[in-house]
Amino acid sequence: MSKWYPHLFSPLRIGPVTLANRIVFSAHLTNYAGGGAGGLPTARHAAYYAARAAGGAGLIITEEHSTHPADRPYEKLIRGHLPEVIEGYRRITDAVHAHGTPIFAQLNHNGGQSSGLYSRLPLVAPSPVPDPVFREVPREATAADIDDIVAGYATVAAHCRRGGFDGVEIQCSQSSIVRGFLAPATNIRTDEYGGSLWNRARLLLRLVAAVREAIGADMALGIRLCGDELVEGGITLPEAIDVAGWAEATGGVDYVNTSIGVATSTLYLIEASMGIPRGYATYISSAIRDTVELPVVGVGRFKDPEQAEKALAEGKADLIGVVRGQIADADFAAKARSGHSGAIRTCLSCNQECVGRVGLNRDLGCVENPRTGKESVPLPPPRRRGRRVVVVGGGPAGLRTAATAASRGHQVTLLERLAATGGQVAIAARAPSRAEFLDLVSTSLTECLREGVDVRTGFTATAESIAALAPEAVVLATGARPRRPHWAGELGRIVDVRDVLEGRAAPEGRVLVVDDLGFHQATSVAELLADRGCAVRMSTPGLVVGQDLALTLDMETFSVRAEAKGIVQDTEEVILSATRDTGGVRLRVLRHTTGATTDACFDWVVCATHQEPEDTLWHELSGSAKFEVVRAGDCVTPRRADAAIAEGHRAAVAL
């Protein structure tokens, strides 16, 4: 037990398994699977989970393991039905057990929420209801199909037993054939598996019996149950409570894990971004916990140990799922237990490198932590320890360079032109629903100070002032500057989003926000201006405004807020020219899909458009300095924060 968080660090027994604390690294996709034919556990899995075990997690639950050859919704799924997985399972469980941490495997069949892209087979579901995401019409499962599905779960459970897992979890939540049977919208059967909730829960109860028989009494068995899908015809909380009670009554289930939303229109609630309040889903675990005796896992964007401790103390859950918090910092639990919660790399809930990368069929990473997913690859030693390193620029790239370089034994001085560090991240965090983005730089700054970096703000670096510090290596992380669009000319009423956020411009009246970047720059400033009373219209050459918000699950919440604030969105538009109009700006606009042009008048135009590198120092120093000079971040070429952090880390490691 920890004196700082007594509830969080108290032990708990789940069936035959004893946990040292209440922090759960819950199931989530990594896209690390590989092997010969694909779908096998890899060394990356073992190192990734082992790092969280070493970091003090009380329980680790791996990503889903497919229970049927016909179910392969994405390429890098662990195909638990293959006998070859057992060797990889052993690598994972041995690596985790080396740190004394129990590990469970999640079992799943995606049913109608799968895809035939990789299997080239028809989907099987409770009813021929197409999923809104994949839009494939599944065939209705026959009695023989259902028997085959149940047998598949038992087979994979047996593989997990042979592979050394301490327990298994049946996914009944956001994307599974079980939730397909439970939800009336996707189960329109009239046989014993359809109609009443009891009938719709029949498959789950059969799976509990079959899996328990396969794993025996000395392994734990849990279910992950969606408490509220928040869609018409979806599972509701009263139904989830009844199902949890029936599962408990079987005597075969040891705990209930919870979730919210379904992987269609309420996907944004499953892995909520910073626009969703923290702890938003604990009403589900609290309600289920009030009706069952089994331990219940609560979820809901838990970012710090204080929040988790409070939820436990208030009786909202028995365990807390901390996924992105431990993706960002593998030592989340250990730091909290030792009283060093201030040293935790706080998850931003930005979803850029975790949810967003996996959604693009890439391997999971983290904006905050460039080592996430790369734990199996050791870092090279420094070329020589104790080098005098000067980092110019206190934005995300510079702070990460300085912190990493100092942690590897170098003497680091960081020079920042402004009165405070943060760069463009500090600017972006001023916008509505983006304040938590500031954690990206505040965490790195804390790490810099802890590692002994000499941070000098209000320092304008020049070639002469840098040379005066007698560096052996200089890393330039000087960022980027706004670039006016070619059509803007010198019109004063056409400004950049940074001009608005930094207070150099205060648009009013009719404002057009031009979205050339497809991300938060335009949408967040549009909201800010609408909140100030402006009549805001947005224009983009893309098919939708802020199109990349779909990857980070911010599109839904922005659309709701934009509608409420009266923000009008125009798409497939390109601005051709701008001229001065009485008190404002007249634009010539091309709809590029039709070739039609129109004129439009606004009081102000605010542009979220491409920047240009702030590389003056680079040109002055490169090739002529008596010390090594490298660049990192936007001063190489403007990109997003994930690239700045990764590049700063690489620059430091290469020193």
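The values are calculated or read from the model by the stated rules, or taken from the named source; none is laboratory data. Computed from a predicted structure; not experimentally measured. FYI the Cβ positions are ideal-geometry reconstructions off the backbone, even for glycines, and counts take in every protein chain you see.
Things worth noting here:
- Residue that is in a helix (DSSP H, G or I), under 24 Å from the mean Cα position of the chain (by Cα), among the small types (Gly, Ala, Ser) and surrounded by 22 or more Cβ atoms within 10 Å (Cβ to Cβ), where the choices are Ala317, Ala333: Ala333
- Among (1) buried (at least 22 other Cβ atoms within 10 Å of the Cβ); (2) under 30 Å from Cys448 (Cβ atoms); (3) touching a residue at least 60 places away in the same chain (Cβ under 8 Å) - the single one Val299 does not satisfy: (2)
- Thr616 vs. criteria in contact with a strand residue (DSSP E or B) (Cβ under 8 Å, 6 or more places away or on another chain), surrounded by fewer than 18 Cβ atoms within 10 Å (Cβ to Cβ) and either more than 23 Å from Asp515 (Cβ to Cβ) or modelled with pLDDT of 95 or more (or both): no
- Filtered residue count, region 336-348, keeping only those that are surrounded by 16 or more Cβ atoms within 10 Å (Cβ to Cβ) and assigned to a loop (DSSP other than H, G, I, E, B): 5
- The condition of being modelled with pLDDT of 95 or more and touching a helix residue (DSSP H, G or I) at 6+ places or on another chain (Cβ under 8 Å) holds for only one of Val441, Val500, that being Val500.
Conditions (1) basic (Lys, Arg); (2) surrounded by 15 or more Cβ atoms within 10 Å (Cβ to Cβ); (3) in the same structural domain as Val355 (by TED's automatic domain parsing); (4) on the phi < 0 side of the Ramachandran plot, marked per residue:
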| site | (1), (2), (3), (4) |
| --- | --- |
| Thr523 | no, yes, no, yes |
| Val544 | no, yes, no, yes |
| Thr552 | no, yes, no, yes |
| Ala562 | no, yes, no, yes |
| Arg580 | yes, no, no, yes |
| Arg586 | yes, yes, no, yes |
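- Given (1) outside the structural domain of Arg537 (by TED's automatic domain parsing); (2) more than 17 Å from Ala477 (Cα to Cα); (3) out of contact with any helix residue (DSSP H, G or I) (no Cβ under 9 Å at 6 or more places or on another chain), number of the condition Lys626 does not satisfy: (3)
- Hits in region 501-525 - residues which are in contact (Cβ under 8 Å) with a residue 60 or more places away in the chain, within 28 Å of the chain's Cα centre (by Cα) and not in a loop (DSSP other than H, G, I, E, B): Leu501, Val513, Val514, Asp515, His520, Gln521, Ala522, Ser524, Val525
- Beta carbons closer than 8 Å, at least 6 apart along the sequence or on distinct chains, pair a first residue in region 152-167 that is at pLDDT 95 or above and among the basic types (Lys, Arg) with a second that is surrounded by fewer than 20 Cβ atoms within 10 Å (Cβ to Cβ) and not in a helix (DSSP H, G or I) for Arg161/Gly216.
- Residue, nearest to Gly339 (Cα to Cα), within region 303-314, restricted to residues that are crowded, with 18+ Cβ neighbours inside 10 Å and of a type in the set (A, V, I, L, M, F, W, C): Ala308
- Some residue of region 217-229 being part of a helix (DSSP H, G or I), in the same structural domain as Ser259 (by TED's automatic domain parsing), over 29 Å from the mean Cα position of the chain (by Cα) and at pLDDT 95 or above: no
- Residues satisfying the stated conditions in region 619-639, i.e. assigned to a loop (DSSP other than H, G, I, E, B) and surrounded by 19 or more Cβ atoms within 10 Å (Cβ to Cβ): Ala632, Val636, Pro638
- Residue match in region 256-274 (condition: in contact with a Pro (Cβ under 6 Å, 6 or more places away or on another chain), in the same structural domain as Gln113 (by TED's automatic domain parsing) and not in a helix (DSSP H, G or I)): yes
- Val574 vs. criteria under 35 Å from the mean Cα position of the chain (by Cα) and assigned by TED's automatic domain parsing to the domain that holds Arg434: no
- Any hit, region 101-112, residues being surrounded by fewer than 18 Cβ atoms within 10 Å (Cβ to Cβ), over 21 Å from Ala20 (Cα atoms) and under 26 Å from the mean Cα position of the chain (by Cα): no
- All positions within region 167-192 that are more than 27 Å from the chain's Cα centre (by Cα) and in a loop (DSSP other than H, G, I, E, B): Pro184, Ala185, Thr186, Asn187, Ile188, Arg189, Thr190, Asp191, Glu192
- Candidates Ala95, Ala46, filtered to the one that is more than 20 Å from the chain's Cα centre (by Cα) and in contact (Cβ under 8 Å) with a residue 60 or more places away in the chain: Ala46
- One residue from Asn369, Asn351 being closer than 22 Å to Pro305 by Cα and buried (at least 24 other Cβ atoms within 10 Å of the Cβ): Asn351
- The set of residues in region 211-265 that are in contact (Cβ under 8 Å) with a residue 60 or more places away in the chain and over 25 Å from Thr18 (Cβ atoms) comprises Gly227, Val243, Gly261, Val262, Ala263, Thr264, Ser265.
- Total residues in region 22-50 satisfying the condition of being surrounded by 24 or more Cβ atoms within 10 Å (Cβ to Cβ) and farther than 24 Å from Asn110 by Cα: the figure is 4.
- Lone qualifier among Ile645, Ile575 - being hydrophobic (A, V, I, L, M, F, W, C), modelled with pLDDT of 95 or more and assigned to a strand (DSSP E or B): Ile575
- Of all the numbered requirements in (1) within 24 Å of Thr443 (Cα to Cα); (2) without any contact (Cβ under 8 Å) to a residue 12 or more places away in the chain, Asp290 misses one, and that requirement is (1).
- Taking first residues from region 390-402 that are among the basic types (Lys, Arg) and partners that are surrounded by fewer than 24 Cβ atoms within 10 Å (Cβ to Cβ) and at pLDDT 95 or above, the Cβ contacts under 6 Å between residues at least 6 apart in sequence or on separate chains come to Arg400/His649.
- Selection status of Gly458, surrounded by fewer than 20 Cβ atoms within 10 Å (Cβ to Cβ) and more than 30 Å from Ser349 (Cβ to Cβ): yes
- Val412 passes every criterion in (1) in a loop (DSSP other than H, G, I, E, B); (2) crowded, with 21+ Cβ neighbours inside 10 Å; (3) not assigned by TED's automatic domain parsing to the domain that holds Val24 apart from (1).
- Scanning region 113-132 for residues that are under 26 Å from the mean Cα position of the chain (by Cα) and not in a loop (DSSP other than H, G, I, E, B) gives a single hit, Gln113.
- Any hit, region 360-373, residues being at pLDDT 95 or above and at positive phi: yes
- Residue match in region 601-609 (condition: over 30 Å from Ala526 (Cβ atoms) and surrounded by 17 or more Cβ atoms within 10 Å (Cβ to Cβ)): no
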